Amino acid sequence: MKRGLRYDFGLQALMLIPVGVSLNVVGYQLCTILKLPVFIDQIGTYLVAMVAGPWVGLMTGFLGNVVNGMLNPVAIPYGLVSMSIGLFAGFFSRFKFFNHLIGMIVACGVLTVVSAGTAAIVTVFMFGGITGAGTDLVTAAFLAAGRQLWDSVFSTNIITGTINTILNFAISYLVVKRIPPRFLVKLNYGAPYISKEVLKHG
C-alpha cells in the first residue's frame with residue numbers, strides 16, 4: 001500500500017477527519033468550561049494520525065483548532081501545536097512505534113517535548129505567557145518562585161503536557177483498538193492495529 005502526502009487522503013481517511021475534529025472540539029470545550037489544568041482536545045488528532053497517517057492527522061489538528069477558534073479565538077494560534085502532534089504521531093504510527101510498549105514510551109516522550117515547546121512559543125510570543133486557561137495557575141506558581149517567564153511557561157507545558165499526551169494517546173489508542181478490522185484494513189496505517197488472531201483467520 002502506497003503511503004505519503006499524495007496517497008494518504010483516501011475516501012476512508014477523509015471520512016475520519018470530521019470525526020477527529022468533533023472529538024477535539026468536544027474535548028476542548030469541556031476543558032475550557034471546567035477550567036481544567038490539562039487538555040483532552042487532541043484525542044481526534046491522535047486517532048486519525050494513527051490510522052490515516054501524518055498528513056491527515058496534521059489536517060485534523062488544524063481544522064479542530066479552526067472550529068474551536070470560532071468560539072474562542074485563543075485556540076487558533078495553538079493550531080500549530082495540534083498540527084505538530086498530528087504530524088509526529090502519524091510518523092510514529094507509520095514506523096510502528098505504537099505497537100510495543102518501548103515505542104509508545106519513546107513516542108509519548110518526544111510528543112510531549114514537541115507539543116510543550118510549540119505551545120510555549122505560542123503562549124509567550126502571542127499572549128505574553130497568559131491565556132486564561134487553567135494552566136495559568138501552574139505558570140503563576142513558577143513565576144512566584146522567581147523563575148523567568150519562558151522557563152515558567154515551558155516548565156508548565158512539560159508538566160501538563162506529559163499528562164495531556166498520556167491521556168490523549170491512551171484514549172485514542174483504546175478507541176483505535178475498538179475500530180472494526182474490516183475498516184482498519186482499508187486505511188494506509190490501520191493494519192498494525194489489527195490483532196494477529198484476526199489477521200490469521202481473516
How much mean residue ellipticity at 222 nm does the chain get from its helices, if each DSSP H run of length 4 or more adds -39500 (n - 2.57) and you divide by all residues, to the nearest 500 deg cm²/dmol? -23500 deg cm²/dmol
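Can you work out the accessible area per residue across region 69-202, with the rest of the protein chains kept in place, probe 1.4 Å, in square angstrom?
53
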Tell me, what is the Rg over Rh of region 1-97, with Rh the Kirkwood radius over Cα pairs? 1.00
Considering the Cα positions of the chain, please state its Rg to one decimal place and its Dmax as a whole number of Å. 17.2, 61
What do you get for the angle between helix 149-178 and the principal long axis of the chain? Use alpha-carbon atoms, 0 to 90 degrees, nearest ten. 20
Find the Cα radius of gyration of region 85-202, compare it with 2.2 N^0.38 Å by division, and give the number to two decimals. 1.35
Expressed as a whole percentage, what fraction of the accessible surface of the chain belongs to carbon and sulfur atoms when a 1.4 Å probe is rolled over the protein heavy atoms? 73
Name the residue from SER22, PHE97, LEU11 whose Cα lies farthest towards the positive end of the charge dipole of region 1-99, charges +1 on Cβ of Lys and Arg and -1 on Cβ of Asp and Glu. PHE97
If the only charges are +1 at each Lys and Arg Cβ and -1 at each Asp and Glu Cβ, what is the size of the charge dipole of the chain around the Cα centre, to the nearest 20 debye? 840
Just name one of TYR193, ALA141, CYS108: the one whose Cα is farthest towards the positive end of the charge dipole of the chain (beta-carbon charges, Lys/Arg +1, Asp/Glu -1). TYR193
With a point put 7 Å past each Cα toward its Cβ, work out how far LEU174 is from LEU14 in nm, to one decimal. 3.3
Each residue of region 101-108 in order: what ³J(HN,Hα) in whole Hz does its phi give by Karplus 6.51 cos²θ - 1.76 cosθ + 1.60, θ = phi - 60°, with x for Gly and Pro? 4, 4, x, 4, 5, 4, 4, 5
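The values are calculated or read from the model by the stated rules, or taken from the named source; none is laboratory data. In this text the structure is predicted, and so the values were computed from the model without any measurement. Heads up, the Cβs are rebuilt from the backbone with ideal geometry, glycines too, and the neighbour counts pull from every protein chain shown. For the accessible areas, the whole protein counts, side chains as well, though only heavy atoms, and no ligand, DNA or RNA atoms are used. Shrake-Rupley method; radii C 1.70, N 1.55, O 1.52, S 1.80 Å.
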